[in-house]
Amino acid sequence: MELHALTAHELLGLIQEKKIAPKEILDAVRERIQTIDKDVKAYIRLNESRPDPGPCPIPIGIKDNMCMVDQETTCGSHILEGFKAPYDATVIDKLKRSGAMLIGNTNMDEFAMGSSTENSFFGATRNPWGLDRVPGGSSGGSAAAVAADEAIWAIGSDTGGSIRQPASFCGVVGLKPTYGRVSRYGLIAFASSLDQIGPIAKDVTDCALLLNIIAGYDNLDSTSVDLPVPDYTKALKKDVKGLKIGIPKEYFVEGLDPQVKDAVRAAVKVLEDKGARFEDVSLPHTEYGIATYYIIATSEASSNLARYDGVQYGIRELAQKVRKSPLLDMYDETRDIGFGPEVKRRIMLGTYSLSSGYYDAYYLKGLKVRTLIKNDFDKLFKDFDALIGPTSPTTAFKIGDRVNDPLSMYLSDIYTVSANLSGIPALSVPCGFSKEKLPIGLQIMAKPFDEEMLFRIAYAYEQSAQWHKQKPKL
């Protein structure tokens, strides 16, 4: 029995039956990492400590943008090298209290800016289903670790699809909870009105178990919403009879890979056979989603990343000769050397959008269109229990294919950004494979704080389709 290949709920059952000890699980996962991570490169650094096991002693990978006390946290960036957080993020604190075993920091696009995990200062992560392919981004390390059995669970963050798109590319389950459902305290910010922490897991049951641990109100986070947290595992039912689900026609247009389209349509048929009712619907402002996202997200990034200047955090670079003043030269040199090209690009885009004379034309207009996108969803959720479509327009592309084509890279998130702009929960679940044996993801979206609906539909589909049981050959 290969313990690293099992799910969290299977392992917890074996522990309860006293057939295995928590130490055996941790050893199995660490041995797996030693064997294959030289090829996958899911981790930036490993935690060598051996915590006392608690009630839920499951090995978990943590995206490198969540603060862990006295542990290096770098956001996949050179500029934060050497930074050790003085406190735990609320999510980390909850995981520690549950007894989960934190394996280490998973790789990510620098400051979560990317769709391929190629933008990391520490090098690219590779997709376990094809080592010449990207794992998606920005939580690519977390998704790859779970897909490759280098973690039983993982935590990611999702600003425009950064949990769901890697989950789709790597054939695992990924959830972006409702904005405010999971505390962002201790998450290093990219775009504060869009960022959300969420679970990545091997199946829907594990995803629900992990959300049970990390969800809930936190008075340390001003955006946290004070609502009761249900037991999400109780939503795991095979019955979807009578549910009314919309299929947005804007998600099935030019640019969608025919193989992805066929897999999603086949998934719809499975749910129809189980009693769900489907109707074609419209989200008329979908076409403005990418433009709106990249105005709002870059504007907030420009503001959030202004704090990295060599004074308090991470590296400090001194200029060889004085050009402006010693202080300003230090700012310039630190940021020039510390940030990678994609982060610089987005800071410049955001600064431009916020600048005098352009604020109304870009940022303010972006906020107005964001409201229109949210209104589209609000209107549909008055009549529909959920919406369904592809997670990404394609399967995982080859490493290097889109590095020099930012627009093509940004369009990877065309189906995911709207959930962040509107604050709704969305989940990606495996729904098939392409001819190249690359995973395809099905995205399910529901009204705010109705993660239970996502789990109900995803579980019913998963139990019929069984795609999650296929493993990459490594």
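The values are calculated or read from the model by the stated rules, or taken from the named source; none is laboratory data. Computed from a predicted structure; not experimentally measured. Don't worry about glycine lacking a Cβ; one is built from the backbone with ideal geometry, like all the others, and counts go over all protein chains shown.
Considering only segment 122-143, state which residues are of a type in the set (A, V, I, L, M) and within 15 Å of K202 (Cα to Cα). It would help to see each step written out before you state the result.
The initial filter retains those residues of segment 122-143 that are of a type in the set (A, V, I, L, M), namely 124, 131, 134, 143.
A143, the sole residue that qualifies.
Could you say whether any residue in segment 112-131 is of a type outside the set (D, E, K, R), over 24 Å from T298 (Cβ atoms), surrounded by fewer than 24 Cβ atoms within 10 Å (Cβ to Cβ) and touching a Pro at 6+ places or on another chain (Cβ under 9 Å)?
yes
Based on this model, can you work out whether G432 counts as among the small types (G, A, S), surrounded by fewer than 24 Cβ atoms within 10 Å (Cβ to Cβ), under 24 Å from Y293 (Cα atoms) and at pLDDT 95 or above?
no
Which numbered condition trips up L194, out of (1) under 23 Å from L26 (Cα atoms); (2) assigned to a loop (DSSP other than H, G, I, E, B)?
Here L194 meets the rest and fails (1).
With respect to the numbered conditions (1) within 26 Å of S412 (Cβ to Cβ); (2) surrounded by 19 or more Cβ atoms within 10 Å (Cβ to Cβ); (3) over 25 Å from the mean Cα position of the chain (by Cα), which one is the sole condition not fulfilled by G310?
(1)
Give A21, A42, A8, A28 a once-over and let me know the one that is under 26 Å from M113 (Cβ atoms) and either small (G, A, S) or out of contact with any helix residue (DSSP H, G or I) (no Cβ under 9 Å at 6 or more places or on another chain) (or both). Spell out how you get there, then give the answer.
Details: A21 fails: under 26 Å from M113 (Cβ atoms); A8 fails: under 26 Å from M113 (Cβ atoms); A28 fails: under 26 Å from M113 (Cβ atoms).
Checking each option against the conditions leaves just A42.
If I ask for residues that are surrounded by fewer than 17 Cβ atoms within 10 Å (Cβ to Cβ) and either part of a helix (DSSP H, G or I) or β-branched (V, I, T) (or both), which ones from segment 316-349 would you list?
Across segment 316-349, the qualifying residues are V322, P326, L327, L328, D332, D336, I337, P341, K344, R345, M348.
Would you mind stating whether D405 is over 18 Å from A263 (Cα atoms), surrounded by fewer than 24 Cβ atoms within 10 Å (Cβ to Cβ), among the charged types (D, E, K, R) and without any contact (Cβ under 8 Å) to a residue 40 or more places away in the chain?
Against the criterion (over 18 Å from A263 (Cα atoms), surrounded by fewer than 24 Cβ atoms within 10 Å (Cβ to Cβ), among the charged types (D, E, K, R) and without any contact (Cβ under 8 Å) to a residue 40 or more places away in the chain), D405 qualifies.
Run down L209, L175, L194, L187 and say which single residue is of a type in the set (A, V, I, L, M) and in contact with a Pro (Cβ under 7 Å, 6 or more places away or on another chain).
On the way: L209 fails: in contact with a Pro (Cβ under 7 Å, 6 or more places away or on another chain); L194 fails: in contact with a Pro (Cβ under 7 Å, 6 or more places away or on another chain); L187 fails: in contact with a Pro (Cβ under 7 Å, 6 or more places away or on another chain).
So the residue among L209, L175, L194, L187 that is of a type in the set (A, V, I, L, M) and in contact with a Pro (Cβ under 7 Å, 6 or more places away or on another chain) is L175.
Does segment 246-253 contain at least one residue that is over 20 Å from V417 (Cα atoms) and either surrounded by fewer than 13 Cβ atoms within 10 Å (Cβ to Cβ) or acidic (D, E) (or both)?
no
May I ask you to say which residue of E48, E17 is modelled with pLDDT under 95 and surrounded by fewer than 12 Cβ atoms within 10 Å (Cβ to Cβ)?
Unique residue meeting the criteria: E48.
Out of all the residues in segment 291-307, which are surrounded by 19 or more Cβ atoms within 10 Å (Cβ to Cβ) and out of contact with any Phe, Trp or Tyr (no Cβ under 8 Å at 6 or more places or on another chain)?
Listed by number, the residues that qualify are T292, Y293, T298, S302.
Step by step: first the residues of segment 222-245, then only those that are surrounded by fewer than 14 Cβ atoms within 10 Å (Cβ to Cβ) and not basic (K, R), then the one that is farthest from the chain's Cα centre (by Cα). Which residue is that?
Of everything passing the filter in segment 222-245, G242 is farthest from the chain's Cα centre (by Cα).
Name every residue in segment 233-281 that is in contact with a strand residue (DSSP E or B) (Cβ under 8 Å, 6 or more places away or on another chain), aliphatic (A, V, I, L, M) and closer than 23 Å to K382 by Cβ, in order of residue number.
L243, I245, I247, V268, L271, A276, V281 - these are the residues of segment 233-281 that are in contact with a strand residue (DSSP E or B) (Cβ under 8 Å, 6 or more places away or on another chain), aliphatic (A, V, I, L, M) and closer than 23 Å to K382 by Cβ.
State whether the residues of segment 129-138 include one that is closer than 25 Å to Y308 by Cβ and in a loop (DSSP other than H, G, I, E, B).
yes
Any residue in segment 453-474 that's closer than 18 Å to L175 by Cα: show its pairings with residues that are assigned to a helix (DSSP H, G or I) and among the charged types (D, E, K, R) at Cβ separation under 6 Å, as long as the two are six or more apart or on different chains.
Hits for this filter: H468/E462.
State whether the residues of segment 358-372 include one that is outside any loop (DSSP other than H, G, I, E, B), surrounded by fewer than 19 Cβ atoms within 10 Å (Cβ to Cβ), of a type outside the set (A, V, I, L, M, F, W, C) and touching a Phe, Trp or Tyr at 6+ places or on another chain (Cβ under 9 Å).
No: zero hits.
In segment 207-219, is there at least one residue being over 24 Å from P55 (Cβ atoms) and more than 17 Å from the chain's Cα centre (by Cα)?
Yes, some residue in segment 207-219 is over 24 Å from P55 (Cβ atoms) and more than 17 Å from the chain's Cα centre (by Cα).
Among (1) among the small types (G, A, S); (2) modelled with pLDDT under 95; (3) under 30 Å from F455 (Cβ atoms), there is one condition A297 misses while meeting the rest; what is its number?
Going through (1) among the small types (G, A, S); (2) modelled with pLDDT under 95; (3) under 30 Å from F455 (Cβ atoms) one by one, A297 breaks only (2).
What is the number of the single condition among (1) touching an Asp or Glu at 6+ places or on another chain (Cβ under 8 Å); (2) over 22 Å from N127 (Cβ atoms) that P22 does not meet?
Single failed check for P22: (1).
So which residues in segment 197-215 are in contact with a Leu (Cβ under 9 Å, 6 or more places away or on another chain) and either surrounded by fewer than 17 Cβ atoms within 10 Å (Cβ to Cβ) or of a type outside the set (A, V, I, L, M, F, W, C) (or both)?
G198, P199, K202, T205
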